[in-house]
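The values are calculated or read from the model by the stated rules, or taken from the named source; none is laboratory data. In this text the structure is predicted, and so the values were computed from the model without any measurement. Because the Cβ atoms are built from the backbone with ideal geometry, glycine has one as well, and the counts that use them run over all protein chains shown.
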Amino acid sequence: MKVSESMGHIVFSTPTPVGMSSLMGDYDFFIIDVWGVLHDGAIVYPKAIETLQRLKANGKRTILLSNAPRRTHDLIKAMQRMGLHRSLYDDILSSGEVTNLDIRNSCDPFYTTLGKHCWHLGPDRDRSVFDSLDVELVATPEEATFVVNTGPLASHENVADYETSLLRCRQRDLPMVCANPDHTVMCPEGGRAICAGALAARYEELGGRVSYRGKPDPAIYDMCLKRLGSPDRAKVLAVGDALETDIAGAAAAHIDAAFVTCGLHGSELGISYNEQAEPERVTALLARHQLRCRAVLPAFAW
């Protein structure tokens with residue numbers, strides 16, 4: 001692949017679509033995104049299971065890394081219902097799991113001063129993030145000492161729908177823990193829905209204090225590496241479909257990344273599952289985000 005300088009960052013000028021098999025000689029460890037790479041939120045992608053099986057058969061170690069604002073045991077159950085069985089990957093980590101760990105154990109001053117009264121901004125399906133925590137969930141921001149944001153209640157809602165709630169939190173100067181830094185996610189029925197990251201960004205605009213747990217924070221990649229046995233980063237490849245979290249996070253952690261083009265950015269690139277995007281459009285998209293990638297994958301396929 002040829003490379004060129006764009007906006008001060010190296011990007012591939014002629015990204016050639018490849019399959020995972022072409023990367024086997026360079027990497028032994030894989031950090032793999034979930035939604036947009038393995039499934040669309042409801043159905044497993046056709047090539048995903050076979051590719052995970054082939055990675056395992058070739059002696060490669062894998063950890064799934066998700067910005068889902070739930071504990072990993074919830075993700076495992078949901079994926080098994082789709083057919084992504086636990087035996088297909090070595091480990092799994094979610095931003096919800098990290099949120100739980102940090103509230104419980106962190107020495108970070110942001111977390112040690114949160115207090116014990118939490119208002120949950122998010123749907124009940126995310127309540128596992130509070131499992132085993134020494135906090136009391138309260139009914140209103142006025143009763144809280146901090147807020148945990150796991151995202152909107154429904155996929156059709158937008159940031160403006162939460163303006164009143166965010167202003168109530170701001171009036172109390174509540175610190176916010178954002179358990180999913182993603183701003184948007186693909187909807188199984190088409191289009192996009194906002195995530196917790198979009199609400200957190202608006203809260204920051206209002207002057208609120210926010211701690212983000214998950215990608216693109218390099219700390220969550222460090223946790224993945226530790227779980228993989230602390231390998232040489234040169235032998236690790238991150239695979240993801242979201243430039244602002246998956247690819248940017250890998251870059252911040254000094255890990256090579258493979259960009260799955262049919263996921264979150266598929267509509268921008270004018271492609272569907274496993275279709276090859278026009279190289280010029282991929283190059284322009286990477287340049288807009290000031291990012292580079294090691295490889296471009298039309299899908300997570302062998």
Worksheet item: Can we say Ile247 is surrounded by 19 or more Cβ atoms within 10 Å (Cβ to Cβ), part of a helix (DSSP H, G or I) and either in contact with a His (Cβ under 7 Å, 6 or more places away or on another chain) or assigned by TED's automatic domain parsing to the domain that holds Gly41 (or both)?
Response: yes
Item to complete: Would you mind stating whether Ser272 is surrounded by fewer than 21 Cβ atoms within 10 Å (Cβ to Cβ), outside any helix (DSSP H, G or I), small (Gly, Ala, Ser) and in contact with a Gly (Cβ under 9 Å, 6 or more places away or on another chain)?
Response: yes
Worksheet, complete the sentence: Of Thr184, Thr72, Thr145, the only residue that is among the hydroxyl-bearing types (Ser, Thr, Tyr), in contact (Cβ under 8 Å) with a residue 24 or more places away in the chain and farther than 30 Å from Tyr45 by Cα is Thr145
Practice prompt. Test Ala238 against the criterion of being hydrophobic (A, V, I, L, M, F, W, C), crowded, with 22+ Cβ neighbours inside 10 Å and assigned to a strand (DSSP E or B), and give yes or no.
Written response: yes
Fill in: Selected residue (only one of Ser132, Ser155, Ser128 is among the polar types (S, T, N, Q), within 27 Å of His265 (Cβ to Cβ) and either outside any helix (DSSP H, G or I) or in contact (Cβ under 8 Å) with a residue 40 or more places away in the chain (or both))
Ser155
Worksheet, complete the sentence: Of those in the range 139-183 that are buried (at least 24 other Cβ atoms within 10 Å of the Cβ) and under 14 Å from Pro123 (Cα atoms), the residue farthest from the chain's Cα centre (by Cα) is Val147
Fill in: Residues satisfying the stated conditions in the range 85-118, i.e. part of a helix (DSSP H, G or I), more than 20 Å from the chain's Cα centre (by Cα) and farther than 15 Å from Val210 by Cα
Ser87, Arg104, Asn105
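It is to be established whether one or more residues within the range 152-171 are at positive phi, modelled with pLDDT of 95 or more and in the same structural domain as Thr113 (by TED's automatic domain parsing).
no
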Worksheet item: Would you say Ala253 is in the same structural domain as Arg61 (by TED's automatic domain parsing), touching a Ser or Thr at 6+ places or on another chain (Cβ under 9 Å) and among the hydrophobic types (A, V, I, L, M, F, W, C)?
Response: no
Discussion item. Can you go through Ala258, Ala200 and tell me which one is touching a Cys at 6+ places or on another chain (Cβ under 8 Å), crowded, with 24+ Cβ neighbours inside 10 Å and not assigned by TED's automatic domain parsing to the domain that holds Pro17?
Written reply: Ala200
Practice prompt. Considering (1) at pLDDT 95 or above; (2) within 24 Å of Ile194 (Cβ to Cβ); (3) surrounded by fewer than 21 Cβ atoms within 10 Å (Cβ to Cβ); (4) of a type in the set (A, V, I, L, M, F, W, C), say which one Ala68 fails and leave the rest.
Written response: (3)
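Conditions (1) at pLDDT 95 or above; (2) in a strand (DSSP E or B); (3) under 30 Å from Leu174 (Cβ atoms), marked per residue:
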{"position": "Glu5", "(1), (2), (3)": "no, yes, no"}
{"position": "Pro15", "(1), (2), (3)": "no, no, no"}
{"position": "Ser21", "(1), (2), (3)": "yes, no, no"}
{"position": "Leu64", "(1), (2), (3)": "yes, yes, no"}
{"position": "Leu75", "(1), (2), (3)": "yes, no, yes"}
